[in-house]
1. Any idea how many residues of the range 55-96 are within 12 Å of residue 140 (Cα to Cα) and either of a type in the set (Gly, Ala, Ser) or not assigned by TED's automatic domain parsing to the domain that holds residue 108 (or both)?
2. Could you pull out the residue among 117, 108 that is of a type in the set (A, V, I, L, M, F, W, C) and under 14 Å from the mean Cα position of the chain (by Cα)?
3. Would you confirm, using the coordinates I've provided, whether residue 64 is over 19 Å from residue 21 (Cα atoms) and within 11 Å of the chain's Cα centre (by Cα)?
4. With the requirement that a residue be of a type outside the set (Gly, Ala, Ser) and at pLDDT below 90, what does the range 128-139 give you?
5. I want to confirm something. Restricting to the range 73-99 and keeping residues that are aliphatic (A, V, I, L, M) and over 14 Å from residue 131 (Cβ atoms), which single residue is surrounded by the fewest Cβ atoms within 10 Å (Cβ to Cβ)?
6. Taking the range 18-27 as the region of interest, how many residues are without any contact (Cβ under 8 Å) to a residue 12 or more places away in the chain and surrounded by 12 or more Cβ atoms within 10 Å (Cβ to Cβ)?
7. Restricting the range 30-72 to residues that are among the basic types (Lys, Arg) and modelled with pLDDT under 90, which is surrounded by the fewest Cβ atoms within 10 Å (Cβ to Cβ)?
8. Just for the range 1-42: of the residues that are over 22 Å from residue 54 (Cβ atoms) and outside any helix (DSSP H, G or I), which one is farthest from the chain's Cα centre (by Cα)?
Amino acid sequence: MADLDNILIFVKVAQYESISRAARALGMPISTVSRRLSVLEAQLGVALLRRTTRRVSLTAPADQSSYRVPASFNLSAMASDSDGSISKVEFYQGSSLLRTLTQPPYSVAISQSAPGVYSYSAKATDNSGLAAQSSSIRATPTLIATSAMLKVGQWARSCQCHWMKSMT
């Protein structure tokens, strides 16, 4: 049987169209309202609400972008919260935190000197401490042979051959 207090909380959330506004009206912490709704949903066996009001997405670079080493590009994100404000956006390379920004525009300069495939993501946290994670994108700094590099390589091979011939 569903707890009537939890049903009342759900009614307030539906009335205010926001967990945080309902929490303020009820004089409860947002985390308590959210947890009580989760309990009610488990008791009823149905999802009553789509909870996330936070949105974050990487806007640059495009997924699977390639750059010539040394690579320099901007990692940019858009973040919003429909029932509050964004307090910070964190940028990650893999699981390593690169930088935290507290004001838009949310953009970080990236420099990569080593070739490879790098994964980037962003995490936005709102004024209530609740967070949303972006999808990951991949950027690939690569070595691109220039004509000068090819000439140096040819010269090195010819020198090695002459050196090896003199050894015999």
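1. Qualifying residue count for the region: 5.
2. So the residue among 117, 108 that is of a type in the set (A, V, I, L, M, F, W, C) and under 14 Å from the mean Cα position of the chain (by Cα) is 108.
3. For residue 64, the condition - over 19 Å from residue 21 (Cα atoms) and within 11 Å of the chain's Cα centre (by Cα) - is not met.
4. 130, the sole residue that qualifies.
5. For the range 73-99, the residue satisfying everything is 98.
6. Residues meeting the conditions: 2.
7. 50
8. 1
The values are calculated or read from the model by the stated rules, or taken from the named source; none is laboratory data. Predicted, not measured: the structure shown is a model, and the values here were computed from it. Ideal geometry is used to build each Cβ from the backbone, glycine not excepted, and the neighbour counts take in all protein chains shown.
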